[in-house]
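Novice: Take a look at this one; I'll ask things after.
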Amino acid sequence: MTSLELAEKLSQAFDGQFETPHEFRGETTLVLKDAELIEQVCSLAKQDLGFNYLVDLSSVDEGDVSPRFTLVYELYGYTHRCHLRIKTSVSEEDAILPTVSSVWKTANWHEREVYDMMGISFRGHPDQRRILMWEGYPHFPLRKDFPLAGKPTELPEVAFTRPAPLDGGPFVSQPGAPSRETREPRVRVPESDE
C-alpha cells in the first residue's frame with residue numbers, strides 16, 4: 001500500500017474531517033480540520049494503519065493568518081515503509097491540544113519543545129514544562145513576534161552572567177576561536193566599543 005492509499009483510508013475513517021489528501025514531491029499530506037481529534041487520528045494511524053513511529057512533531061507560527069499556529073505530525077511505518085504528514089491548525093486563543101504522548105512516548109519531548117518555543121499546550125501531557133528555556137522565562141522564542149535580536153532581561157545570574165544572548169543580536173559564533181567563551185554564539189560587540 002502507498003502513503004496516499006493509507007492517507008485515503010485514514011480520511012475515510014474520519015469522514016469529512018480531512019481535506020483531500022495531496023502529494024507533493026513524493027510526500028503525502030493530510031490536513032485535519034478539527035485539531036481536537038488529533039489524538040484519535042494518531043491512535044488509529046498507529047493501531048490500524050501501522051504508523052508506529054512519530055518521526056517529528058513541529059509547529060509553525062503563521063503570523064497574522066488565522067488560525068495562527070499549524071502543528072505538523074510526521075509519521076512513519078516500519079512495516080510498510082510509508083511516510084505520512086498530518087497537519088492541523090489552532091488559534092492563539094485556543095492554543096491547547098490533546099496530547100499524543102499516550103500514542104507514542106516520543107511525543108512527550110516533542111510536545112514539550114512546542115510548548116517551550118511556541119506556547120502551545122497539550123491537554124493530558126504527563127510533564128508539561130519547559131525543555132530548553134528555564135522555568136519562569138516569559139517569552140516563546142520561535143513566535144514571529146519574538147525579535148531576532150532577542151529581548152532585554154532583568155534576570156541577573158540566570159543562565160548567563162552577561163546580558164547576551166538575550167540583548168542585542170543577531171547571534172554569531174567564531175569557529176576556531178581560542179576559548180570556549182569566544183566560540184559561543186552571542187552578540188558580538190566591536191572591539192573598539194568594549
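Taken together, the values in this text are just the output of simple stated rules run on the coordinates, not laboratory data. Quantities reported herein were computed from a predicted structural model and do not represent experimental measurements. Note: ideal-geometry Cβ built from the backbone for every residue, glycine included; neighbour counts use all protein chains shown.
Novice: May I ask you to list the residues of segment 5-38 whose amide nitrogen lies under 20 Å from a point 7 Å from Cα along the Cα→beta-carbon direction of Leu142?
Specialist: 29-32, 35-36, 38
Novice: Using a Debye calculation, one point per C-alpha and no hydration shell, please list log10 I(q)/I(0) for segment 3-146 at q = 0.10, 0.14, 0.19 Å⁻¹ in order.
Specialist: For segment 3-146 at q = 0.10, 0.14, 0.19 Å⁻¹, log10 I(q)/I(0) is -0.33, -0.64, -1.13.
Novice: What residues have an amide H closer than 5 Å to that of Val31, excluding those fewer than 5 places away on the same chain, when H is modeled at 1.01 Å from N in the peptide plane?
Specialist: Glu19, Lys87
Novice: What is the set of long-range amide H partners of His125 at a cut-off below 5 Å, with H atoms built 1.01 Å from backbone N?
Specialist: Thr99
Novice: Compute the normalised compactness of segment 56-125: alpha-carbon radius of gyration over 2.2 N^0.38 Å, N being the residue count.
Specialist: For segment 56-125, the normalised Cα radius of gyration comes out at 1.13.
Novice: Whose amide H sits under 5 Å from the amide H of Phe51, counting only residues 5 or more places off or on another chain, with H placed in the peptide plane?
Specialist: Counting only residues 5 or more places away or on other chains, the set is Lys46.
Novice: Would you kindly derive the ³J(HN,Hα) couplings of segment 133-139 from the backbone phi angles with the Karplus curve 6.51 cos²θ - 1.76 cosθ + 1.60 (θ = phi - 60°), listing them in order in whole Hz, with x for Gly and Pro?
Specialist: My calculation for segment 133-139 gives 8, 6, 4, x, 5, x, 10 Hz in order.
Novice: A follow-up question, please. Where does the charge balance sit around Leu142 when Lys and Arg score +1, Asp and Glu -1, over other residues with C-beta under 15 Å from its C-beta?
Specialist: Residues near Leu142 contribute -2 overall.
Novice: In Å and whole numbers, how far do the C-alpha atoms of segment 37-78 stretch along each principal axis, longest first?
Specialist: Sorted from largest, the Cα extents of segment 37-78 read 37, 19, 9 Å.
Novice: Still on this structure: How large is ³J(HN,Hα), in whole Hz, for each residue of segment 76-93 in order, when computed from phi with the Karplus curve 6.51 cos²θ - 1.76 cosθ + 1.60 and θ = phi - 60°, using x for Gly and Pro?
Specialist: 9, x, 5, 6, 9, 6, 10, 10, 9, 10, 10, 10, 8, 10, 9, 7, 5, 5
Novice: Of the listed peptides 113-123, 12-22, 79-89, 128-138, what is their order by residue-averaged count of other C-beta atoms within 10 Å, with the highest listed first?
Specialist: The densest-packed peptide leads the list: 113-123, 79-89, 12-22, 128-138.
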